[in-house]
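In what follows, a single structure is set out as structure tokens and then discussed.
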Amino acid sequence: MKKLSLTIVILSAIIFLAACGSDSAKVDKIKIGASPTPHAEILEHIKPELKKKGIDLEVVKFDDYVLPNKALADGEIDANYFSTVPYFNLQKKENGYKFSNVGAIHLEPMGIYSHNIKKVSAIPDGAKVIVSNVPSEWGRVLNIFVKNKLIKIKAGVAIDKATFDDITENPKKLVFEHSVDPTLLTSAYENNEGDLVAINSNFAYEKGLNPVKDSLMIEQNDSPYVNIVATKTSDKSNKDIKKIVEVLHEPKVQKWIEKEWGGSVVPVNE
């Protein structure tokens with residue numbers, strides 16, 4: 001009986017210690033949806049640091065702008081990192097998403113590309129400009145043309161609210177075609193479908209284009225179109241998601257982003 005009792009005590013102690021060890025080594029799994037470049041690459045870079053903080057990060061890549069929010073709404077992922085603030089706000093309004101912005105991470109300056117035009121002054125009258133069919137991007141593109149003194153828009157119109165109907169002066173009679181899906185903009189550029197093509201930087205990177213070096217015109221760094229981490233409003237205080245944003249804002253991570261993309265991705269800390 002004594003031996004049996006001793007055996008039970010030892011086994012109980014082993015089970016207790018194992019349970020304690022399991023608790024102390026517990027790792028939380030977080031799934032974040034992201035555009036392949038640069039978002040997913042940035043998240044992959046911080047995985048080791050997050051592991052030290054008890055977070056096992058799984059990055060789910062999306063090639064379009066619709067599915068990451070649907071996946072978040074359906075609970076397939078815990079957060080997403082792909083959209084700009086204006087697009088995020090538009091999607092919430094149009095779809096009734098109960099989402100929250102939990103951190104601005106970086107700006108990807110949009111570029112205007114051309115195969116044949118090498119300087120702004122050489123843009124011909126009647127040039128065709130291909131733009132995405134996403135309304136929240138239109139003011140962003142228009143502002144680049146405003147900054148380069150090619151058009152004027154109505155006074156008092158916010159950048160993220162401007163549309164092509166707000167153009168008041170267009171001396172070169174530029175033709176803005178805004179019916180192309182964002183994922184097809186690089187194809188439009190490669191096929192010379194327009195004199196000028198406005199391409200989101202994440203899609204440009206995937207095709208080997210560097211916005212700083214290869215674009216004819218580029219968005220300035222004071223743009224409100226920063227890329228954010230978003231989650232369901234019910235999860236906005238989630239400690240693990242907060243830790244992820246904190247790591248993304250660390251100076252060493254931001255310096256790595258600047259170096260990795262040569263200034264084409266501009267980190268922010270908001």
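The values are calculated or read from the model by the stated rules, or taken from the named source; none is laboratory data. Keep in mind that what you see is a predicted model, and the values were worked out from it rather than measured. Backbone-built Cβ (ideal geometry, glycine too); neighbour counts: all protein chains shown. To get the accessible areas, we keep the full protein, side chains included, count just its heavy atoms, and leave off ligands, DNA and RNA. Shrake-Rupley method; radii C 1.70, N 1.55, O 1.52, S 1.80 Å.
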Sort the following peptides by mean Cβ neighbour count (other Cβ atoms within 10 Å, averaged over residues), highest first: 47-55, 110-118, 140-148, 31-39.
31-39, 140-148, 110-118, 47-55
Tell me the angle of helix 85-95 to the major Cα principal axis of the chain, expressed in degrees between 0 and 90 and rounded to the nearest ten.
80
Only helices counted: for the chain, with every DSSP H run of 4 or more residues adding -39500 (n - 2.57) and the sum spread over all residues, [θ] at 222 nm is -11000 deg cm²/dmol
When the charge dipole of segment 35-123 is computed with +1 on Lys and Arg Cβ and -1 on Asp and Glu Cβ about the Cα centre, the Cα farthest towards its positive end, among 96, 112, 77, belongs to 112
Under the definition of Cα pairs under 8 Å and six or more residues apart, what whole-number percent is the relative contact order of the chain?
27
Where is the GNM fluctuation largest for the chain (alpha-carbon springs, 10 angstrom cutoff): 86, 68, 224?
224
Those trypsin sites (Lys or Arg not before Pro) from segment 64-105 that are DSSP loop and have at most 13 other Cβ neighbours within 10 Å turn out to be 98
So, with +1 on the Cβ of K and R and -1 on the Cβ of D and E, and no other charges, what is the size of the charge dipole of segment 126-230 about its Cα centre, to the nearest 20 debye?
380
Carbon/sulfur fraction of accessible area - the chain, other protein chains in place, 1.4 Å, %
53
Backbone HN-Hα couplings from phi across segment 241-256 [Karplus 6.51/-1.76/1.60, Hz, Gly and Pro as x]
5, 4, 4, 4, 5, 4, 5, 4, 8, 4, x, 5, 6, 5, 5, 5
Please report, in Å, the Rg and the Dmax of segment 123-240, where both are computed over Cα atoms only.
16.0, 55
Which of the peptides 226-235, 185-194 is most tightly packed, and how do the rest follow, judged by the mean count of other Cβ atoms within 10 Å per residue?
226-235, 185-194
Just list whichever of 31/52; 70/239; 61/119 have alpha carbons separated by over 28 Å in the model shown.
61/119
Kirkwood hydrodynamic radius, segment 174-227, all distinct C-alpha pairs: what's the number in Å?
12.2
For 77-85, 152-160, 126-134, 213-221, ranked highest to lowest by mean beta-carbon neighbours within 10 Å, the order is 77-85, 126-134, 213-221, 152-160
May I ask what percent, to the nearest 5, of DSSP beta bridges between residues of the chain are antiparallel?
55
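Suppose all protein chains stay in the model; what accessible area per residue would a 1.4 Å probe give for the chain, in Å²?
51
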With N denoting the number of residues in the chain, provide Rg(C-alpha) divided by 2.2 N^0.38 Å, to two decimal places.
1.29
